[in-house]
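I have placed the structure first, in the form of structure tokens, so that the comments after it can refer back to it.
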Amino acid sequence: MQDLTHNRRLSIAPMLDWSDRHMRYLWRLISKDVLLYSEMVVTHALMHAEPKRFLQYKQDEHPIALQLGGSDPQMLATCARMAEDWGYDEVNLNCGCPSDRVQSGRFGACLMAEPNVVAECVSAMRAAVKIPITVKTRIGIDHNDSWEFFETFIRTVESAGCNTFTIHARKAWLQGLSPKENREKPPLQYDVAYRLKKERPHLNISLNGGVKTLQDVNSILQNLDGVMVGREAYENPWFLADADPLVFGRPRTCPSDEKELLEAYIPYLEEQMAEGVPLHIMTKHLLGLFSGKPGARKFRQIMGEGACRPGVGVQLVRDAMAAIR
Ligand SMILES: Cc1cc2nc3c(=O)[nH]c(=O)nc-3n(C[C@H](O)[C@H](O)[C@H](O)COP(=O)(O)O)c2cc1C
């Protein structure tokens with residue numbers, strides 16, 4: 001079992017529809033050490049579908065964590081075992097997602113109100129696997145936003161053996177805000193994560209929310225164990241380019257620029273297309289790659305318009321790349 005402490009210094013957030021295996025493969029071409037999270041996989045769905053649909057990934061993606069959504073300890077334990085069997089390096093339980101769909105399934109952020117249930121889930125998963133079980137959470141929900149509420153949640157979950165938490169450092173409103181608004185409107189409160197680390201220094205604490213530069217990552221790492229980045233990593237994947245030398249202290253092996261990165265990604269596109277994956281499923285992730293560069297709009301236009309055409313091949317990507325000056 002791999003010790004992920006080093007990799008946790010910087011991780012890429014679980015993001016539905018965004019952090020799929022194709023995007024993760026692209027991130028891995030940029031950084032060797034960053035810890036990659038899957039999209040949230042709901043236990044009911046995983047147990048009733050062909051596991052390959054949710055669990056398939058390429059070995060190059062390691063280290064990789066599977067995020068689960070659920071609140072039934074036995075189902076979570078079964079799914080954690082599946083994750084371990086498929087070679088995942090960690091299983092993370094989602095206690096931060098505020099969407100209505102998730103609340104009706106009684107998981108995600110609403111679980112912050114039921115720390116004992118989360119503790120039972122963690123215990124059951126820990127008993128089922130050897131890989132680490134971790135929790136991603138908000139700092140509060142609705143009017144339950146006191147330090148005492150948050151600390152009780154952490155303490156209770158910790159008592160079940162979880163010692164690694166990712167803190168999305170804003171609370172969630174369970175009613176009245178969309179998931180998108182819940183990632184923007186409640187103010188970020190990094191001080192809550194810092195206080196947690198100070199009072200419970202034996203825990204591994206990663207901070208999540210609003211981080212956009214590697215300089216910010218490194219300054220947060222002065223006080224915490226890790227930083228998780230979501231939207232910036234998706235919208236501007238090149239932000240990771242210097243992560244290996246600057247955050248992980250290892251030589252940079254990533255391509256020298258975005259064009260070279262895309263060239264390195266093309267064999268993957270070809271391989272996946274040969275296995276039946278439509279090009280546009282993968283190229284939708286590439287649209288932000290050249291943002292801010294001359295020709296970026298043309299690049300997006302060529303890719304956006306062409307990727308769904310019948311019979312399209314990777315030449316489209318080369319044609320779009322030619323628009324970048
Ligand atoms: C499109 C999208 C999908 C998301 N899906 C999930 C998810 O499946 N599980 C989860 O825990 N958080 C999810 N999140 C929240 C992110 O993991 C992260 O907590 C949030 O975006 C704040 O980090 P950031 O400011 O670096 O983006 C999602 C965010 C976005 C933008």
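A few notes on this one:
- You can think of it this way: the chain between Asp257 and Glu305 has 14.8 nm of extra reach, that is 0.36 nm per residue less the Cα-Cα gap.
- Here the peptides 5-16, 99-110 are ranked by packing, the mean other Cβ count within 10 Å, and the order with the highest first is 5-16, 99-110.
- Convex hull volume of the Cα atoms of segment 165-294, normalised per residue: 170 Å³.
- Simple label model, 7 Å out from Cα along Cβ direction - Asn163 to Gln315, nm: 5.7
- Zone of Leu177's modelled label, taken as backbone nitrogen in segment 198-221 under 17 Å from a point 7 Å along Cα→Cβ: 208-211
- For the chain, the membrane-span-like helix rule (DSSP H, alpha carbon extent of at least 30 Å along the helix axis, mean Kyte-Doolittle at least 0.5) picks out no helix; this says nothing about an actual membrane.
- Potential lengthening of the chain between Asn116 and Ala264 amounts to 48.6 nm, from the contour at 0.36 nm per residue minus the alpha-carbon distance.
- Two-site label geometry, Asp191 and Asp3: point separation in nm, points 7 Å out along Cα→Cβ: 3.5
- Segment Asp60-Asp85, extension gain: residue separation times 0.36 nm, minus the distance between their alpha carbons: 7.3 nm
- log₁₀ of I(q)/I(0) at q = 0.08 Å⁻¹ - the chain, Debye sum with one point per alpha carbon: -0.36
Throughout, read-outs are computed from the coordinates displayed, never taken from laboratory work. It should be emphasised that the depicted structure is a prediction, and the values quoted were computed from it without experimental measurement. No Cβ is skipped: glycine too gets one built from the backbone with ideal geometry, and neighbour counts run over all protein chains shown.
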